1. Note down all Cβ pairs under 8 Å where the first residue falls in the range 319-338 and is without any contact (Cβ under 8 Å) to a residue 24 or more places away in the chain, the second is part of a strand (DSSP E or B) and small (G, A, S), and they're at least six residues apart or on different chains.
2. Given the condition polar (S, T, N, Q), in a helix (DSSP H, G or I) and outside the structural domain of G212 (by TED's automatic domain parsing), answer yes or no: does some residue in the range 142-162 qualify?
3. Restricting the first residue to the range 210-237 and requiring it to be assigned by TED's automatic domain parsing to the domain that holds G147 and in a loop (DSSP other than H, G, I, E, B), which pairs with a second residue that is surrounded by fewer than 14 Cβ atoms within 10 Å (Cβ to Cβ) and at pLDDT 85 or above meet a Cβ separation below 8 Å and a spacing of at least six or different chains?
4. For the range 348-387, how many residues are surrounded by fewer than 18 Cβ atoms within 10 Å (Cβ to Cβ) and either of a type in the set (V, I, T) or modelled with pLDDT of 95 or more (or both)?
5. Please work out which residue is modelled with the lowest pLDDT, limiting yourself to the range 69-88 and to residues that are in a strand (DSSP E or B) and farther than 20 Å from G134 by Cα.
6. Take the conditions within 18 Å of the chain's Cα centre (by Cα) and over 18 Å from V187 (Cβ atoms) and apply them to T371. Does it pass?
7. T194 versus (1) surrounded by fewer than 20 Cβ atoms within 10 Å (Cβ to Cβ); (2) not basic (K, R); (3) not in a loop (DSSP other than H, G, I, E, B): which is the lone unmet condition?
8. Kindly indicate the residue of the range 287-304 that is of a type outside the set (K, R), farther than 18 Å from V271 by Cα and touching a helix residue (DSSP H, G or I) at 6+ places or on another chain (Cβ under 7 Å) and also surrounded by the fewest Cβ atoms within 10 Å (Cβ to Cβ) among those meeting that condition.
Amino acid sequence: MLNGSTGWPSLTPATRTAAVELLRHGPLSRSALARRLGLSAGSVTRLVTPLLAGGLVVPVGPGRDGGIGRPSTPLDVVAAGHRFAGVKLTASHGYAVLADLRSTVLAKVDGPLRGKSPAEVVASVADLVSRVAGDAPLAGVGVSLGGRAADHRIVTAAPYLGWAGPVDLGGLVTAATGAPTVVDNDVLALARATHWFGAARGADRFALVTVGVGIGYGLVVHDRLVDSDDAGVGLVAHLCLDPLGPLCARGHRGCAEAMLASGKIRDAVAVGRGGVSTYAECLDLASAGDPVAVRVVDDAGRALGRLVAMIANLTMVPTVVLSGDGVELASVASDALAAGLAADRDPAADPVRVEIHPGGFDEWARGAAVTAIQSYTTPRGSAMMHR
């Protein structure tokens, strides 16, 4: 499955920088690219010449820069020339997508894991990659999971899979698929996709908060993801949002996990109503005006607003993106969220832009694919590995 192209890996650092700029922000004219890179027009011409000759970049049509002077010809990368597989692992299932260089999803599959041992998980990942990619050559594979990953290869902890020691998941999947593989914490992987190709594309500062079975957090500052081996520990999940709130499994009262995790919300509604089946049912009941569900969901929404305010106050990011498989909470409890945010935000401060970005497990898998894309386009590069 290994892609035989050597185009991107063979680029010089300067030429690669230009190519990544076109990948993330293109199509761009040469003059627009020169402005973004802080280079002269002549320097940019020298950089894009090998990209054009190698078929990695193509003209995409006539245009103008400001309507004065000669028409310019925008340039763009050939996104269809490379394929990447992304796999998101949960405690019991795997979700895989096939994506092009700009992370457009071309195909997707899912299925149960064969088991939780490293060998069974690797076999499941290899099967998903084979199913989603078919005969398409792959430039890379990305795998994301809830847990901690060192050097984008070694899983040091994966609570949902029961892994407490190091597992060379990247090396094992590379051997099983024949494609270079990178491994990442699932929230960091989703933040990468949000940054390069998603709701925060073009933003150089933002935070990502994911709501679902757990609570996740990612931060981009100065156009770089803040990467850390501590991602996956759950540091934000245990910030106190309500000193009178319920307890989490660690004994913290009113922390983000206790207030916002989908299972906790379901359990709280079930106690008041004498039973409820799913988290989605809780949100439906709240939307329909059920008094128990409304109280629980509004309390959660207010806590989410306080979490957004806390993050914005401490990091001074102008935008917070809300995502995850439980993010519908933000829409159902939008008024409570706004009230919680306003209560903990100085009225003299600039408003925080809150972006709600719904997405299921396919979106998490797309994040894994973007991790592979970044590894391929910026090997040992700042966009991927900078800390």
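The values are calculated or read from the model by the stated rules, or taken from the named source; none is laboratory data. Small disclaimer: the values here were computed from a predicted structure and weren't measured. Cβ coordinates were reconstructed from backbone atoms using ideal geometry, including for glycine residues, and neighbour counts include every protein chain displayed.
1. Short answer, once both residue conditions are applied: none.
2. no
3. Short answer, once both residue conditions are applied: none.
4. The qualifying residues number 7.
5. Among them, the one singled out is S72.
6. no
7. Of (1) surrounded by fewer than 20 Cβ atoms within 10 Å (Cβ to Cβ); (2) not basic (K, R); (3) not in a loop (DSSP other than H, G, I, E, B), only one is false for T194: (1).
8. Step by step, filter the range 287-304, then rank; the result is S287.
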